[in-house]
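Student: Quick one: the structure is below, and I'll ask about it shortly.
The values are calculated or read from the model by the stated rules, or taken from the named source; none is laboratory data. It should be emphasised that the depicted structure is a prediction, and the values quoted were computed from it without experimental measurement. Positions of Cβ are backbone-derived with ideal geometry, glycine not excepted, and every protein chain shown enters the neighbour counts. Side chains are part of the model used for accessible areas, which takes the heavy atoms of the whole protein and leaves out ligands, DNA and RNA. Shrake-Rupley method; radii C 1.70, N 1.55, O 1.52, S 1.80 Å.
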Amino acid sequence: MEELWVSGGDIEAALLPSVGARLHRLRAFGRDLLRTPDDHDAHVREPFLWGAYVMAPWCNRIEAAPVVVRGRTVALDANFPDGSAIHGQVHARPWLSDNGGELRVTAGGDGWPWTYEVIQALEVRGTSLQVRLTLVNRSEAPMPAGLGMHPWFRRPVL
């Protein structure tokens, strides 16, 4: 599985474009900050337990039952043991790299009746990692949306 590295000074980050452009590893000053599995495939098997991943077009949980929103039916499949649709659609999809520091994915369908694009850009500045997330509605009609990142920090930091 391809790793894309962003680094500078004492900060290193490894992303996995093929698995939701998630942060697989974040290391600062020689210490790992995220729960990082030994095997990249763990991100596929257990997508909600490792690293840090983008949540879009919604965060948190939505009941996996049809609901009409602004005249469109949202009918999501459950993807969590409690029967909910959790953390959006892009956390495990392949993203594309533009080789200019941005990763992007176009999604929609699969029960979400709007098309949208999510862009993620990471940059090391001094002693910080800056993450810029953008969600763009590519549909003709207004779309409800949420956007966030879910990190799994180590305790204690190693």
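Student: Could you grab the pairs with beta carbons closer than 9 Å, sequence gap of 6+ or different chains, first residue in region 83-99 and without any contact (Cβ under 8 Å) to a residue 24 or more places away in the chain, second one part of a loop (DSSP other than H, G, I, E, B) and surrounded by 14 or more Cβ atoms within 10 Å (Cβ to Cβ)?
Tutor: G83/A64; S84/A64; S84/L76; S84/A78
Student: Moving to a separate point now. Output the strands (runs of 3 or more DSSP E) that fall wholly within region 12-71 and possess 1 or more residues being among the small types (G, A, S) and under 19 Å from F153 (Cα atoms), or say none.
Tutor: The strands (runs of 3 or more DSSP E) meeting that bar are 22-28, 52-55.
Student: Does at least one position in region 50-69 carry a residue that is touching a Ser or Thr at 6+ places or on another chain (Cβ under 9 Å), more than 21 Å from G108 (Cα to Cα) and not basic (K, R)?
Tutor: yes
Matching residues to (1) closer than 20 Å to E12 by Cα; (2) modelled with pLDDT of 95 or more:
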residue: W58; (1), (2): no, yes
residue: D110; (1), (2): no, no
residue: A121; (1), (2): yes, yes
residue: T127; (1), (2): yes, no
residue: R138; (1), (2): no, yes
residue: P144; (1), (2): no, yes
residue: H150; (1), (2): yes, yes
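Student: Of the residues in region 83-104, how many are of a type in the set (A, V, I, L, M) and closer than 21 Å to P142 by Cβ?
Tutor: The total comes to 2.
Student: Any residue at all in region 68-85 that is aromatic (F, W, Y), open to solvent by 50 Å² or more (accessible area, probe 1.4 Å) and either out of contact with any helix residue (DSSP H, G or I) (no Cβ under 8 Å at 6 or more places or on another chain) or at pLDDT below 95 (or both)?
Tutor: yes
For every residue, the table says whether it meets (1) in contact with a Ser or Thr (Cβ under 6 Å, 6 or more places away or on another chain); (2) in a loop (DSSP other than H, G, I, E, B); (3) touching a residue at least 40 places away in the same chain (Cβ under 8 Å).
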position	(1), (2), (3)
A107	no, no, yes
P113	no, no, yes
V118	no, no, yes
Q130	no, no, no
V136	no, no, no
E140	no, yes, no
A145	no, yes, yes
M149	no, no, yes
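Student: Additional query: How many residues are open to solvent by less than 50 Å² (accessible area, probe 1.4 Å), under 17 Å from P17 (Cα atoms) and in a strand (DSSP E or B) when one looks only at region 86-96?
Tutor: 1
Student: State which residue pairs qualify: first residue touching a residue at least 60 places away in the same chain (Cβ under 8 Å) and farther than 20 Å from M55 by Cβ and inside region 9-22, second residue hydrophobic (A, V, I, L, M, F, W, C) and part of a loop (DSSP other than H, G, I, E, B) in any location, beta carbons under 9 Å apart, and separation of 6 or more residues or different chains.
Tutor: Listed pairs, sorted by first residue: D10/F29; I11/F29.
Student: I would also like to ask the following. With respect to R31, is the statement that it is surrounded by fewer than 17 Cβ atoms within 10 Å (Cβ to Cβ) and either in contact (Cβ under 8 Å) with a residue 60 or more places away in the chain or among the small types (G, A, S) (or both) true?
Tutor: Against the criterion (surrounded by fewer than 17 Cβ atoms within 10 Å (Cβ to Cβ) and either in contact (Cβ under 8 Å) with a residue 60 or more places away in the chain or among the small types (G, A, S) (or both)), R31 qualifies.
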